[in-house]
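A.B. asks: Would you mind keeping the following structure in view while I ask a few things?
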Amino acid sequence: NAFTQKTKSGSNLHKNKYLTEVLNKYKMNTDEVWKGIVANRGSVQHLEFLTQDEKDTFKTAVEINQAWIIEHAAERQEYICQSQSLNLFFPPDVNKGDLHSAHMLAWAKNLKTLYYLRSEAISRADNVASQAKREIIFEQEECLSCEG
């Protein structure tokens, strides 16, 4: 829904244009809302003004039930002569049993491949710039450099 692309010329924030339309509908297309989305790794589940249907529409890959992904891939598989590149996404603290169950479900449903298994890092560096509160303190009436 939102991510920062870092290039040689700087960083650019990319926003989901369909989510932007929904935020405009609520008059909530603000920098503060987008900062919250980026801080939550693209998730909108924390936005209380969205309906459950809207939250479901804009789920991130990790928030989607991976068994649902496997079931739908299995339905398509019989119409594909070779294979499909199926990517599964799990949270960093995924339960080993859940991970095993996903693999077993894919095998039981005759999926030919699981292309990638992706997970987020268990810990991420804090974005200090977004957390730091800057306050200007005027203790002296005159700049020390200007005193002469």
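A.B. asks: Take the conditions farther than 19 Å from S119 by Cα, exposed (fewer than 14 other Cβ atoms within 10 Å of the Cβ) and without any contact (Cβ under 8 Å) to a residue 40 or more places away in the chain and apply them to D93. Does it pass?
C.D. replies: Considered against the rule, which asks whether it is farther than 19 Å from S119 by Cα, exposed (fewer than 14 other Cβ atoms within 10 Å of the Cβ) and without any contact (Cβ under 8 Å) to a residue 40 or more places away in the chain, D93 comes out as no.
A.B. asks: Could you check V33 against (1) in a loop (DSSP other than H, G, I, E, B); (2) in contact with a helix residue (DSSP H, G or I) (Cβ under 7 Å, 6 or more places away or on another chain) and say which number it fails?
C.D. replies: The single condition V33 does not satisfy is (1).
A.B. asks: Return a yes/no flag: does the stretch 10-33 have any residue that is of a type in the set (S, T, Y) and surrounded by fewer than 10 Cβ atoms within 10 Å (Cβ to Cβ).
C.D. replies: yes
A.B. asks: Quickly run through the stretch 33-80 and pick out the residues that are closer than 16 Å to L111 by Cβ and of a type in the set (A, V, I, L, M).
C.D. replies: Hits for the stretch 33-80 are A67, I69, I70, A73, A74, I80.
A.B. asks: Same structure, new question: So I70 passes all but one of these: (1) surrounded by 13 or more Cβ atoms within 10 Å (Cβ to Cβ); (2) within 20 Å of T4 (Cβ to Cβ); (3) not polar (S, T, N, Q). Which condition number does it fail?
C.D. replies: (2)
A.B. asks: Within the stretch 50-67, how many residues are loosely packed, with under 13 Cβ neighbours inside 10 Å and part of a loop (DSSP other than H, G, I, E, B)?
C.D. replies: Total meeting the criteria: 2.
Laboratory data are not the source of any read-out in this text; all were calculated from the coordinates shown. Quick caveat, the model's predicted, so the values are computed rather than measured. When we count neighbours, we look across all protein chains shown, and the Cβ atoms used for this are built from the backbone with ideal geometry, even at glycine.
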